[in-house]
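Worksheet: one structure, shown below.
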Amino acid sequence: MRGSEVHGRDATATRRTRVHVVSDVHGNTAALARAGDGADALVCLGDLVLFLDYADHSRGIFPDLFGEANADRIVELRTARRFEEARAFGRELWAGRDRDAAILGAVRKQYAEMFAAMPTPTYATYGNVDVPALWPEYAGRGTTVLDGERVEIGGRVFGFVGGGLRTPMNTPYEISDEEYAAKVEALGPVDVLCSHIPPEVPELTYDTVARRFERGSRALLDAIHRTRPRYAVFGHVHQPLVRRMRIGATECVNVGHFASTGRPWVLEW
């Protein structure tokens, strides 16, 4: 992080704030360690865990356990939206193994590396593939975890909503629409609305590579219309139709896929 000391009579008037925002880290620890360079704070919108890299099937927890050929097969089934077949195939692979122990052990290893790489200060919320129960074990003193909560950074109010909505993928942190909407409502008006998933807008929720719509939040979209934040920032959809669009007074920005780009989105004022 850059130094925060500014000398002189007009320090308050001239001091600018720079925040870097990332999402969908998916195991890119090296880039995460550099993500706060030159910034006053880092905002991380989740999906730290890499279970399976759809671009490189040799990377992630799944191929580490079952090999690249089986990863190829599971990606093929999921991409074709043959979810029942994918689940049946997964059950075959896991037969005789302690699934929970194997996954939690691998997630713990990834979390130990990634939380250690986070700069100070970092403000973070969960993605849908994250395991919130483990975060208190690894988040250091310089990392503030927020979910349905607000924080002030450089005089602007940031509101955070973590997790995703329920899907056939059944990822670890998916919740009901009602529970998600309650977290959005709890924020009230904010300057920057931070979430893992996007608002429910077709251009922001359609993944052009996976060729499918991901779930966006109607509650987020309603909050944008109602409270008119300056920015709404999010990730989750790795290759959207558009990465940036305006909804009324709000600039909506997809800040992922950080695992691929390694570059944070910069917000400065």
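For region 223-235, which positions are open to solvent by 30 Å² or more (accessible area, probe 1.4 Å) and in contact (Cβ under 8 Å) with a residue 40 or more places away in the chain? Working first, answer last.
Residues of region 223-235 that are open to solvent by 30 Å² or more (accessible area, probe 1.4 Å), as a first pass: 225-228, 230-231.
Hits for region 223-235 are ARG230, TYR231.
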**Fill in**
The lone condition ALA88 fails out of (1) without any contact (Cβ under 8 Å) to a residue 12 or more places away in the chain; (2) in a loop (DSSP other than H, G, I, E, B); (3) of a type in the set (A, V, I, L, M) is (2)
**Request:** Identify the residue in region 242-266 that is surrounded by 15 or more Cβ atoms within 10 Å (Cβ to Cβ) and in contact with an Asp or Glu (Cβ under 7 Å, 6 or more places away or on another chain) and, among all such residues, is farthest from HIS26 (Cα to Cα).
**Result:** MET245
**Request:** Please go through region 35-77 and pick out each residue that is basic (Lys, Arg) and outside any helix (DSSP H, G or I).
**Result:** ARG59
**Message:** Just to be sure before I move on: is ARG73 among the charged types (D, E, K, R) and closer than 30 Å to GLU178 by Cα in the structure I sent?
**Reply:** no
**Asked** Quick check: anything in region 41-54 within 15 Å of THR144 (Cα to Cα) and open to solvent by 20 Å² or more (accessible area, probe 1.4 Å)?
**Response** no
**Item:** Lone qualifier among ALA102, ALA33, ALA95 - being open to solvent by 40 Å² or more (accessible area, probe 1.4 Å), over 30 Å from ARG16 (Cβ atoms) and of a type in the set (Gly, Ala, Ser)
**Value:** ALA95
**Request:** Please tell me if VAL75 is closer than 21 Å to PHE258 by Cα and without any contact (Cβ under 8 Å) to a residue 24 or more places away in the chain.
**Result:** yes
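Of the residues that sit in region 185-208 and are in a helix (DSSP H, G or I) and among the aliphatic types (A, V, I, L, M), which one is surrounded by the most Cβ atoms within 10 Å (Cβ to Cβ)?
Taking region 185-208 and keeping what is in a helix (DSSP H, G or I), we get 185-187, 202-205.
Subsequent filtering for residues that are among the aliphatic types (A, V, I, L, M) retains 186-187, 204.
Working: ALA186: 13, LEU187: 22, LEU204: 27.
The extreme case among them is LEU204.
Tell me the strands (runs of 3 or more DSSP E) entirely within region 212-269 that contain at least 1 residues that are over 18 Å from VAL43 (Cα atoms).
Numbers: elements: 231-234, 244-247, 250-254, 265-268.
The strands (runs of 3 or more DSSP E) meeting that bar are 244-247, 250-254.
The values are calculated or read from the model by the stated rules, or taken from the named source; none is laboratory data. Computed from a predicted model, the values in this text were never measured in an experiment. Note that each Cβ is placed from the backbone with ideal geometry, even for glycine, and that neighbours are counted across all protein chains shown. Note: accessible area is taken over every heavy atom of the protein model, side chains too, but ligands, DNA and RNA are not part of it. Shrake-Rupley method; radii C 1.70, N 1.55, O 1.52, S 1.80 Å.
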